[in-house]
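Enquirer: Below you will find the structure I want to go over with you.
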Amino acid sequence: MGKLATIDFDLAILGGGPLACAIARDAAGRGLRVLLTAPEDLGGSVEQHILANGLALLFPEQGASAFEMDVMQRVCPQFGADLEPSPAKPSLLQRVLGAAPAPAAYSLSATAASRFALLNARDAADRGAVMLPLTTVEIRAVGASCWQLEIASKAGGALKSVTAKILVDTLQDETEMQPNQAARIGVYAQAGSGRGEAQKTGQNACFRVESDAGTVAIGVLAATAPSADDLAIAALAFGISAAPTWMSDALPVPLPPKPLEISNSPPRLVIRDGAAGDWRKQAEDVVAEMAPFARMIGKRWTAFATLPGGDFQRELRSNLIGDLRAAFPHIPPDHLERLFSHYGTDCAEILHSSGGLGHDFGAGLFEAEVRWLLIHEWARTARDILWRRTGLGMRMTADQMRALDQWISQNGGGLRQA
């Protein structure tokens with residue numbers, strides 16, 4: 001953070017969710033000097049993305065548009081089947097009213113959604129944006145010309161003061177929830193399940209979505225924090241004989257997206273994340289509103305520029321995975337498939353740079369991938385890796401998670417991204 005003391009930015013972004021990362025990428029690609037500060041990790045948790053998928057099942061209008069899924073297939077071809085459309089299903093309200101079902105809902109797996117946000121953050125950094133997760137910031141206006149930000153790392157370190165022409169606030173109302181609504185997410189193993197289903201159980205609504213190969217997520221939305229009875233009824237509604245592992249406490253159900261609010265003197269834009277998967281388009285619209293306040297190079301561009309690891313034609317995906325299998329025959333094919341879905345063409349560098357796979361942490365997670373995430377994707381803890389970047393927390397045991405955290409504490413200090 002030391003180099004920030006003498007740098008002024010065109011744009012300062014508050015927040016590290018999918019929309020904030022997409023805004024940073026778009027603005028940096030148009031030549032703006034970008035700073036992003038986030039109070040927590042980048043990208044949003046797997047639990048939050050599972051909840052977003054569940055809400056899209058319950059309320060199809062909150063799902064990603066077909067156009068954006070087409071764009072994502074182009075810029076993230078490594079995701080493969082994670083971008084296939086789900087069958088058309090009526091929402092709960094449509095069932096009650098007897099209305100026709102909504103068009104086919106395009107869903108993005110929770111892990112792919114988290115990966116998409118992290119890849120936007122990586123691309124933003126590659127284009128010159130300064131990305132600072134786990135930071136606190138105090139803000140004040142300096143006349144009508146700019147904002148002054150006092151930034152400190154939560155890990156300790158000196159306070160730094162920087163200025164920015166434009167402030168984009170994606171944190172506004174982020175802790176608010178739908179009135180009298182809470183959710184809880186659980187995971188269970190069930191091979192060959194459908195991609196998504198929603199039901200009403202008494203006064204509550206529940207959903208089931210495929211979250212990763214061999215695992216299924218189940219969620220229940222209730223008027224208050226879901227009780228044990230609510231959770232049991234939700235499990236039975238989907239024919240689950242063994243109770244799922246509930247991996248979250250009550251989660252706030254996000255509010256619908258709010259219109260962009262713009263104020264001048266100095267300029268400030270306030271926005272809240274919209275539909276899951278539509279972050280790129282939402283970010284494009286936000287950056288377009290900055291034109292009166294900052295000189296930008298180029299026009300809209302993010303619909304055609306591939307994200308890290310996606311620099312290949314989608315039709316060649318199976319060929320590239322085949323090349324990896326030939327080069328690394330000792331790695332199980334399903335592990336290589338997951339690695340490619342997460343990192344695309346970066347896989348070869350990940351596997352070669354560490355001189356082998358290294359230590360096996362379980363569930364297909366090896367030292368080579370952990371090192372990559374610590375160096376290139378701002379990971380700091382086992383939770384960052386298992387619940388934000390890979391989704392493997394749904395498969396690993398508690399002992400395996402503790403072993404990973406211990407390894408990071410002993411070896412991660414010299415690897416973490418600055």
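The values are calculated or read from the model by the stated rules, or taken from the named source; none is laboratory data. All values reported here derive from a predicted model rather than from experimental measurement. All Cβ positions, even for glycine, are placed from backbone atoms using ideal geometry, and neighbour counts span all protein chains on display. Just so you know, the surface numbers come from the protein's heavy atoms only, side chains and all, with ligands and any DNA or RNA stripped out. Shrake-Rupley method; radii C 1.70, N 1.55, O 1.52, S 1.80 Å.
Enquirer: Not counting ligands, DNA or RNA, and with a 1.4 Å probe, what is H335's accessible surface area in Å² rounded to the nearest 10?
Expert: Result for H335: roughly 40 Å² accessible.
Enquirer: Which value in nm describes the separation of the simple spin-label points at R383 and A66, placed 7 Å from the Cα toward the beta carbon?
Expert: My value for the distance between the label points is 4.1 nm.
Enquirer: Let me ask you something else. Run a plain Debye calculation on the stretch 4-59 (Cα atoms as equal point scatterers, no solvent) and give log10 I(q)/I(0) at q = 0.24 Å⁻¹, rounded to two decimals, same order as the q list.
Expert: -0.93
Enquirer: Restricting everything to alpha-carbon atoms, can you work out Rg to Rh for the stretch 270-407 with a Kirkwood hydrodynamic radius?
Expert: We get a ratio of 1.05 for the stretch 270-407.
Enquirer: Figure the gain on full extension for N411 and H330 (residue separation times 0.36 nm, minus the Cα-Cα span) and round it to one decimal in nm.
Expert: 26.6 nm
Enquirer: Residues with amide H under 5 Å of S248's amide H, sequence separation 5 or more or different chain, H placed in the peptide plane at 1.01 Å from N; which?
Expert: For S248, the qualifying residues are I185.
Enquirer: Report the equivalent ellipsoid semi-axes for the stretch 321-396 in whole Å, largest first, defined as the square roots of five times the eigenvalues of the gyration tensor built from alpha carbon atoms. Please list the in-between numbers first.
Expert: Numbers: eigenvalues 74, 36, 25 Å².
One finds semi-axes of 19, 13, 11 Å for the stretch 321-396.
Enquirer: Can you work out ³J(HN,Hα) from phi for every residue in the stretch 390-404, in order, using Karplus 6.51 cos²θ - 1.76 cosθ + 1.60 and θ = phi - 60°, giving whole Hz and x for Gly and Pro?
Expert: Going residue by residue, I get 10, x, 6, x, 6, 10, 7, 7, 4, 5, 5, 5, 5, 5, 5 Hz, with x marking Gly and Pro.
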